Amino acid sequence: MLRGWVALFDAWSLALPTPAGAGPTIVAEVVEAVPQLLSLLHLSAGPVRLPALLDMLDQRVAELRTERCEVPYGQDPAADGAGSTGTASDAAGAPLAGLLGWALDALLAVGALMPPDGAPDGSHEGGHRGPEAQLTPLGNWSVWVKLEQICVAAQSTAGHIEQSAEAMLRGCARLTPGPARAEYRAWLAARSVGAAVEELLTVARGEDALLRGLAFEALRAVGAPAEPAVRTAADEPGLRPYALLWLVEHDGGDPETAPDVLTREESTWLWVDTAAAVADHGETQLLVRHLDSAVQGSVPRLLEEVRAVGHPRTVQVLVALAAAHPDPALAKAVRRAAFQVHTGGA
């Protein structure tokens, strides 16, 4: 239950519509700045006056713009109601104040802030109208969880935190499952959930089958917040088998019951994709042993269905399997199947 509430807390910016006239850039800046405001509220362990929060928001937005060089000093970003100076409050004072109110109202709506009457039940219907803000016990707990995750990220031993998802996954390919999961968690803790999930799925859509599997392993470390994106990914043929197995495990099922989850064609596609990962990154004997995991139960039936499944790596997988298999007759049959796929023959 608490885990589900953290997912709601992470999605606070979707709880209420943004103020009319607020441009997407300044809204994104405020969303990125809010964690620093929450940290102040957490560390203060009591009410914080709104002018202090607005001042911190002003400074943080100015820092973000300086870091990204998006709003040079003296420029007028009219789309966000900016003025003519380099500070955030001077450049967008009214929008920032309104957006602070929006953020506080949204945090109140998800139960992270105390209502003005001090009752931590989230029942206040008029939004945040008090002169100060204070976290609820749940809000304090969730911010503490986030700070702990940042500390975990800072202790990453493999040094993948600042790397792209692809580079991180390539590095984790050399690790055993336990240390790899620790790296996934550290990498995720240093990013917003939405951005991390999208980056992992982008890697999963690439040509490297090993990274595709590892991307979904990392998504298991995300848990519930990744579910909507994974459900959407299940509509993509190249990701569907991985997504369906992820969803089964997420719902408490056993991914070993793949024949009950995937169609025969999906299981065959996954077999080829896994074989491609082994062929590219594994040992030849591992590829030979991979034959035993096929649902078909016989090599002739497997070859027949592999030829029909249309995986883009089918030829390479069959050629590698033929070169690795110690049985000359079986290797010959596999090479023949590879040739037939390559030429489009029957």
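Taken over segment 134-159, the criterion of being farther than 16 Å from SER192 by Cα and either modelled with pLDDT of 85 or more or under 18 Å from the mean Cα position of the chain (by Cα) (or both) is satisfied by GLN134, LEU135, THR136, PRO137. With the structure loaded, tell me whether HIS128 is under 22 Å from GLU32 (Cβ atoms), at pLDDT below 80, of a type outside the set (S, T, N, Q) and assigned by TED's automatic domain parsing to the domain that holds ALA22 or whether it fails that test. In short, yes. Scan segment 61-69 and give yes if some residue there is out of contact with any Lys or Arg (no Cβ under 9 Å at 6 or more places or on another chain), in a loop (DSSP other than H, G, I, E, B) and either within 30 Å of ALA229 (Cβ to Cβ) or at pLDDT 50 or above (or both), otherwise no. Yes - at least one qualifying residue is present in segment 61-69. Selection of segment 9-53 for residues being of a type in the set (S, T, N, Q), touching a residue at least 40 places away in the same chain (Cβ under 8 Å) and under 15 Å from LEU99 (Cβ atoms) yields SER13, THR18, THR25. With respect to the stated conditions, GLU256 fails to be in contact with a His (Cβ under 7 Å, 6 or more places away or on another chain) and at pLDDT below 95.
Rundown of residues vs (1) of a type in the set (Val, Ile, Thr); (2) modelled with pLDDT of 90 or more; (3) surrounded by 13 or more Cβ atoms within 10 Å (Cβ to Cβ); (4) touching a Lys or Arg at 6+ places or on another chain (Cβ under 6 Å), yes/no style:
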residue	(1), (2), (3), (4)
GLU283	no, no, no, no
VAL306	yes, yes, yes, no
VAL317	yes, yes, yes, no
PRO328	no, yes, no, no
GLY345	no, no, no, no
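The values are calculated or read from the model by the stated rules, or taken from the named source; none is laboratory data. Computed from a predicted structure; not experimentally measured. Positions of Cβ are backbone-derived with ideal geometry, glycine not excepted, and every protein chain shown enters the neighbour counts.
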